[in-house]
Amino acid sequence: MLITDTLPARPPAGSSGTGLRWLAAVMLAILAGLAVLPFLASRAADATMDALQTVVDKERAYDRLLDLLTDAETGQRGYVITGDAGFLDPYHASVAAIPAAVRDLKPLADGLAEQATLDEIERLAQRKVDELATTIRLRRDEGFAPAAAVVSNRGGKADMDRLRLLIRERVAALERERLALRDRLSRTLGYNTVLGICAGVASALVIGCALFLVTRSLRAGKEAADHARQLADAQADHARQSQARSQRLAVTAQMLQAMDSLTRTDELHSVLPAFLPKVLPGSSGAVYLYRNSRDYLQRAAVWDGGASHPELVNPAECWGLRFGHAHAAQAGDDMHCPHLGTDQPAPGRTDLCVPMISQGEVLGLLSVSVPHGPDTAVELAAATTISEQLAIGISNINLREVLRRQSTVDELTGLYNRRYFDETLRRELFRAERMRASLAVVMIDLDHFKHMNDTYGHEAGDLVLRTVGRCLREGVRRSDIACRYGGEELVLVLPECDAAAARTCAETLRKTISALQLHHADAALPQVTASFGIALWPAHGEDAHTLVHAADRALYDAKHGGRNRVCMAS
């Protein structure tokens, strides 16, 4: 409806009538501007949030590329130094992922300068990968000296230093851009709130002006008063909606920022209940996430009476999950979700189930109960939008959790990896020294494992490693740390464990391993045995290197003493 259509009838001729008419025109023009400005500010806030998400994605992409290059270089150095092919697992995984990581960055380039930087990064990354491959080939074919000669010329180090500098400069620039965007978003939201208040004040002034004009105008009647009142109500309602939308945007931004700090999805129960009642006022509900088995959804968070929602939900009992989109039901509707536990929604409320989908994958379910009112449709639409933002946040948490696990856990055995062992042993030694408590390191080596691989194949060897890894995880205390040291070598860190307890633990594990009966490809595998070497702090070493070396010497004694035995360091 045009603003001019809402103007009351023309007052009698005269200076007073003309002044009032101009006053009304000016007030309505201001009101029209205040009606448009909150919408434009909201659009600007949405655009700023999109730009902020793009910057965050670019930062993560640069960080991922640097992590891949670092992991590849770490695997290459481990192999060159030790000759152990087990160090090449992270190298191969990283080298395979580096081209895709560079390709993912290129569409995000903003301007010719960043594109040129990306081209330089791609060139240096390819040259670094070629240098790593050359040293690995030399180490494998010609031994340590030729490979060490390539490494010592420091060409690869110069390339890596240059890559780190370029990537960190880009990340620093993106960090500055992200902070600027957040400041812009805060200012935009503040402007929108102020505009909403101004629109409300202007609406009140227009009401008074309209009533005054009606009383003074001979030709204005009931229709003109009704039109003015409808205009004022519409503008007041628009101002209220604009203010509510601004508050919702601010709370949503805070919620996403809080979710950005989480590392595990089981932390959602302490974050979401603090924000969802503010984003969806008057509502109650629960957030569900799929379990690892994908058979049921587990309740992750509840708010304002949502505790009545069940702990587990069968996907077949939710129409929203079955349809693949939001499903709402009111009292009297036939299609009410069975998982809500009642035949019908509570009177005066609407139950809404929205699947949380990210990149085509259903991560969970947002189940909300919204009270009936003039804004019910707006609240339901807001719940649908919130589910999309929750899905993005949860997907990012899952990604961080997967990356953290991949960096510390050996994929084959489920044990911690060498890097985690090195860090943990140093930390436990500091703790043992501070508490004056004993600490034991147990080196384990599977007997005749190479013969097992050569005779029955690597799949049989992998089966043996997986099974022995499970034996170690289940056979030690929760405070103990079981790690894969490399190849068929495993290692235990036993805090607050003396010689007798360490020997008892090692003997128990040795018997458990030797009692295994494994089958592969319809054939029984030969008996699996292991040799154990134990070293104690501080009796056999006061630092990590000496202690591991002592345990390794004890393992060597166990090997030469006939295998399948436990030896204590002398």
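FYI, it's all coordinate maths here, none of it is from the lab. What you are looking at is a predicted structure, and each value in this text was computed from that prediction instead of being measured. Reconstructed Cβ throughout: ideal geometry from the backbone, glycine too, with neighbour counts over all protein chains shown.
With respect to the chain, whose longest principal axis is taken over its alpha-carbon atoms, helix 458-475 is tilted by about 80°.
Computed about its Cα centre, the charge dipole of segment 418-568 is approximately 340 debye, with only Lys, Arg, Asp and Glu carrying charge at their Cβ. For LYS157, the lysines whose Cα falls under 26 Å of its own Cα, not counting residues fewer than eight places away in the same chain, are LYS58, LYS106, LYS128. Give the shape of segment 255-413 as rounded, prolate or oblate, defined through the alpha-carbon gyration tensor: a ≥ b ≥ c are the square roots of its eigenvalues, a/c under 1.5 means rounded, and otherwise the shape is prolate if a/b is larger than b/c and oblate if not. Prolate.
Under 20 Å from a label point 7 Å along Cα→Cβ of ASP266: give me every residue in segment 388-432 with its amide N that close. Output list for this probe position: 394-410, 414-417. On a 0 to 90° scale, report how tilted helix 499-514 is relative to the longest principal axis of the chain, with both axes built from alpha carbons and the result rounded to the nearest 10. Value to nearest ten degrees: 90.
For segment 76-139, a Kirkwood hydrodynamic radius built from all Cα pairs, placed in the Stokes-Einstein relation at 4 °C and 1.567 mPa s, yields a translational diffusion coefficient of 99 µm²/s.
Prolate is the label for segment 418-568. Its Cα gyration tensor axes, ordered a ≥ b ≥ c, give a/c of at least 1.5 and a/b above b/c.
Exposure proxy check: SER438, SER283 ranked by fewest other beta carbons within 10 Å?
Listing SER438, SER283 from fewest to most nearby Cβ atoms yields SER438, SER283.
Since only SER246, LEU66, LEU163 are under comparison, the one whose Cα sits farthest along the positive direction of the charge dipole of the chain, derived from C-beta charges on Lys, Arg, Asp and Glu, is SER246. Spacing of the modelled spin labels on ARG436 and THR215, each 7 Å from Cα toward Cβ, amounts to 9.2 nm. Using the Karplus relation 6.51 cos²θ - 1.76 cosθ + 1.60 with θ = phi - 60°, the per-residue 3J(HN,Hα) values for segment 376-381 come to 4, 4, 5, 5, 5, 5 Hz, with x marking Gly and Pro. Expressed in units of 2.2 N^0.38 Å, where N is the residue count, the Cα radius of gyration of the chain is 1.38. In this simple spin-label model, placing a label point 7 Å from the Cα along the Cα-to-Cβ direction at both HIS458 and GLN115 gives a separation of 4.2 nm. Loop sites by DSSP among the trypsin sites (Lys or Arg not before Pro) of the chain, restricted to those with at most 14 other Cβ atoms within 10 angstrom, leave 1-153 as the longest stretch without any of them. In this Cβ point-charge picture (+1 for Lys and Arg, -1 for Asp and Glu), the chain has a dipole of about 1260 debye about its Cα centre.
Taking a ≥ b ≥ c as the square roots of the eigenvalues of the Cα gyration tensor, an a/c ratio of 1.5 or more together with a/b no larger than b/c marks segment 277-332 as oblate.
Fully extending the segment from ALA180 to ALA331 would add 49.6 nm, taking 0.36 nm per residue of separation and subtracting the current Cα-Cα distance. Here segment 58-177 is assigned +1 on the Cβ of each Lys and Arg and -1 on the Cβ of each Asp and Glu. Its dipole about the Cα centre then comes out at about 200 debye. Between the residues THR48, PRO310, GLY457, the greatest Cα displacement towards the positive end of the dipole of the chain, with unit charges on the Cβ of Lys, Arg, Asp and Glu, is found for THR48. In the chain, the calculated helix contribution to ellipticity at 222 nm averages -21500 deg cm²/dmol per residue, counting -39,500 (n - 2.57) for every DSSP H run with n ≥ 4.
Spin-label model, LEU108 to TYR556: label points 7 Å out along the Cα-to-beta-carbon direction sit 4.9 nm apart.
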